[in-house]
Every structure is written in C-alpha cells, then in structure tokens.
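For reference, the structure discussed in these notes is given below.
The values are calculated or read from the model by the stated rules, or taken from the named source; none is laboratory data. It should be emphasised that the depicted structure is a prediction, and the values quoted were computed from it without experimental measurement. Every residue, glycine as well, gets a Cβ built from its backbone with ideal geometry; the counts of neighbours run over all protein chains shown. Note: accessible area is taken over every heavy atom of the protein model, side chains too, but ligands, DNA and RNA are not part of it. Shrake-Rupley method; radii C 1.70, N 1.55, O 1.52, S 1.80 Å.
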Amino acid sequence: MDMMQRLSEIVLVVMCLMMVTCVEHQTDQDSSTVKYNTRNNLYRTYGNLIIANDINNQTKSFKAGDVVMETQVMSQILNMSDPTVNSSHKNIIDWFLGVVGFKPIDKEPEKPTTQRPPVKKCMKCTCGLALKHKRIVGGVETLVNEYPWMVALHYNNRFYCGASLINNKYLLTAAHCVNGFSKERLSAVFLDHDRDNSYETTTFSRRIKAILKHRNYGKEGNYNNDIALLLLDNEVPLNDMVRPVCLPPTGKSFTGYNGVVTGWGATSQHGHIAPKLQEVVVPIMSNRDCRKTGYVNRITDNMLCAGFPEGQKDACQGDSGGPLHIINSSFHYVAGIVSWGEGCAQPNYPGVYTRVNRYITWIESNTRDACYC
C-alpha cells in the first residue's frame, strides 16, 4: 500500500471520528466544568486541542471556539497546551499520525541562533620595521629602541629572559623561560634599552595573564618544542614606537641567511648579563650540517642552528626566549627563538633555536583574539 492510499484512509478515519456525538451531560456546580448536550456539535482538532462548533447556530451557553473536554473516549486527559508552542505537529494529519503510531518525518529542527561576539576592529599597522635605516653588524650595542617588539621578561622584578611582541596581546618566548614559573610573578617590560638607566627611555610594563606553553615541550627529555606564548593582562597600543615583529613564512629553511640575534644576555661565557640590548649576526646552517657538529642527532626538525664553525659569535645566557631575525626588504621576521647550546660561541657547537615557522598554525590558533599587523 503506497503512502497516498494510507493517507486517504487515515483522513477518512479522522472524518468519522469528527462525526461522533457526545452524550448528554449534567451541569455541575463548578462553572469551570460545565457539561453540555453537544449532539449537534462537530469537533475541530488543532494539534492537541478539541474545539466545539455550533452547526445549528442555536443559542447555547457556549459558543463556537470554546474548548471542551471529551468524556466518551477512555484515554488520558488531553494536554490543552497551546499547539503552536514547542510543537512539531501543526496540522490534523500530523497529529493523528502521531496518535495512531505513525510518526511523520519531522523537519530538521531549526538550530538556535547564537549571537556571536562582535568582530574585533584592528587598527592598520606594520610589523617588523626597525627604528633605523642602517644596521650595525657584529655583536655590538643596538640603537635605543631599535627593535620596538623586544621585551624584557622579569621574574620577581628581576630580568631573566627575552621575548618578542607578535601582536597587540601576546608575546613569543621559549618554553624553558616559563616552565614551572608562576605567572603572578612574571612581568614584561617594553621599550627598555639600558636596564641600568631608568631615565634613558620611557618604559611601560604588563603583567602576564596566561602562559601557553607547547604541550609537547620536555616530553622527550630535550629542548624540542621549546616555544611558549604569554597573554598580556592588557593590550598594547601598536604604533611607531611599539610594533610587533613579523611571523616568518612557512616552508622555508632559511639556510644560508644571516640571522640577527638580539638580547640582554652575557657577552662572554660565564660572564654577567649585559645592561644594554645587544645584537649579533650569525649565519644560519642547514639541519643536516648541524647534525655533523658536536650535537649529532640531538637536533630535531623543530630546531634551527646558527653560528660559525670556529665559534666567534653566539647568543648566550640571558638571551633565551629572544628572537633570531631574518630580514627581507627591511622587514624583520622572527625565524628562531633562542633556545639552547653547549656553552657560548664554542667551536663545533653553534647556537640552537626553536624553528618558529614549524609552529605557525599553533601560534595563530592560540592568538585568534588578537590583532596582527
């Protein structure tokens, strides 16, 4: 039997049910349960409602459209709720199919509309532009505020690591700089140059609201995945004096590039950390060549090596977490994060950095609430 035949039979049954007459009722004292002789009344059904219609237009104590209770059918009391509220059966066929056990195919329920937060408006800005035109090459002091994304991390108000501003809300640093550290004791100092001279520049600070360390850091007992994000407690206004460094393009090894490392680290092994921000230029080598050094197989694909075979120049203690830049048409990209190494500027042991472009997806997925340049 096809569907049309079944529907036709069901409609006929419904019409027969609608012609059933009711027995005479006695009037109770409670006016809310008055019973009537409804012999000349047909019934209309709307969902779960039964509504009496006066077909003889005779004057009765009820009028067409009044809701009455059906007493001849031995069934559960009908729910007299409004059929238009929270009901998927809006017509008689759907209602009767439900009564006789043939549940009609419901339409896909409408998904609740959730009000999305307003899209954040980001001001136009430029990343990676240093505040000078000509570079100083070779392990010397930088110009004042030359790198406007450079941040000094303090723990209990003492400098200990570097970091880079990558947008208006987050810093990029090494995971080992924040591993086991309490965010309540951390602070980030911007626009600092000479840490011994509080009058040279106008610095400002931010507290750290959250530490987002890569979940796989330390799992292999080495410095693999040595990367972390720090969420600032307040946004940083991006302008010519404070601007973020650019994130690097993916898929590039940067082999043969000159990398520029900046930081307040020691200028010699076991030496004191530098009061003024320093920079050094080191050549970036391939991972294949780096595995031929004294590190052998300790170098993973998430690492980048830079330095001279004979040593000479290198990052050192205190530079950790700071950036290794590559420069393209005056724009600075953070290709590496100062991570680890054997000593400082030792022959056959170049500096090892976190390879940032291996983590672009991770960085972007964790900083969606921020504004990039």
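To keep it simple, each residue is scored yes or no on (1) in contact with a Cys (Cβ under 8 Å, 6 or more places away or on another chain); (2) not polar (S, T, N, Q).
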position	(1), (2)
Arg185	no, yes
Asn197	no, no
Gly218	no, yes
Gly221	no, yes
Leu232	no, yes
Asp240	no, yes
Pro244	yes, yes
Pro248	no, yes
Ser253	no, no
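Conditions tested, residue by residue: (1) surrounded by fewer than 16 Cβ atoms within 10 Å (Cβ to Cβ); (2) farther than 25 Å from Tyr170 by Cβ; (3) in contact with a helix residue (DSSP H, G or I) (Cβ under 7 Å, 6 or more places away or on another chain).
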site: Gln312; (1), (2), (3): yes, yes, no
site: Gly321; (1), (2), (3): no, no, yes
site: His325; (1), (2), (3): no, no, no
site: Ser339; (1), (2), (3): no, no, no
site: Thr354; (1), (2), (3): no, no, no
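Among the numbered criteria (1) in the same structural domain as Asn258 (by the TED database); (2) of a type outside the set (Asp, Glu); (3) more than 24 Å from Tyr160 (Cα to Cα), which single criterion is violated by Trp340?
Evaluating Trp340 over (1) in the same structural domain as Asn258 (by the TED database); (2) of a type outside the set (Asp, Glu); (3) more than 24 Å from Tyr160 (Cα to Cα) leaves (3) as the failure.
Looking only at the range 206-215, filter to residues that are touching a residue at least 24 places away in the same chain (Cβ under 8 Å) and out of contact with any Lys or Arg (no Cβ under 9 Å at 6 or more places or on another chain); which one of those is surrounded by the fewest Cβ atoms within 10 Å (Cβ to Cβ)?
The qualifying residue surrounded by the fewest Cβ atoms within 10 Å (Cβ to Cβ) is Leu212.
Are any residues in the range 192-246 under 25 Å from Ala266 (Cβ atoms), part of a loop (DSSP other than H, G, I, E, B) and among the small types (Gly, Ala, Ser), and if so, which ones?
Listed by number, the residues that qualify are Ser198, Gly218.
For the range 361-373, what are the residues that are outside any helix (DSSP H, G or I) and either closer than 23 Å to Asp289 by Cβ or open to solvent by 50 Å² or more (accessible area, probe 1.4 Å) (or both)?
Within the range 361-373, Arg368, Asp369, Tyr372, Cys373 meet the criteria.
Given the conditions (1) out of contact with any helix residue (DSSP H, G or I) (no Cβ under 6 Å at 6 or more places or on another chain); (2) in the same structural domain as Gly218 (by the TED database), and given that Cys373 satisfies all but one, which numbered condition is not satisfied?
Just one mismatch for Cys373, condition (2).
Here's the yes/no breakdown for (1) within 21 Å of the chain's Cα centre (by Cα); (2) within 15 Å of His154 (Cα to Cα); (3) not assigned by the TED database to the domain that holds Phe331:
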position: Lys183; (1), (2), (3): yes, yes, no
position: Ala188; (1), (2), (3): no, yes, no
position: Leu191; (1), (2), (3): no, yes, no
position: Leu212; (1), (2), (3): yes, no, no
position: Asn216; (1), (2), (3): yes, no, no
position: Gly221; (1), (2), (3): no, no, no
position: Leu232; (1), (2), (3): yes, yes, no
position: Glu235; (1), (2), (3): yes, no, no
position: Thr255; (1), (2), (3): no, no, no
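Looking only at the range 337-360, decide whether some residue is in contact with a Lys or Arg (Cβ under 9 Å, 6 or more places away or on another chain), under 25 Å from Leu231 (Cβ atoms) and in a loop (DSSP other than H, G, I, E, B).
No, the conditions are met nowhere in the range 337-360.
Tell me yes or no: at least one residue of the range 274-294 is at pLDDT below 90, open to solvent by 60 Å² or more (accessible area, probe 1.4 Å) and closer than 15 Å to Val151 by Cα.
Checked the range 274-294: at least one residue is at pLDDT below 90, open to solvent by 60 Å² or more (accessible area, probe 1.4 Å) and closer than 15 Å to Val151 by Cα.
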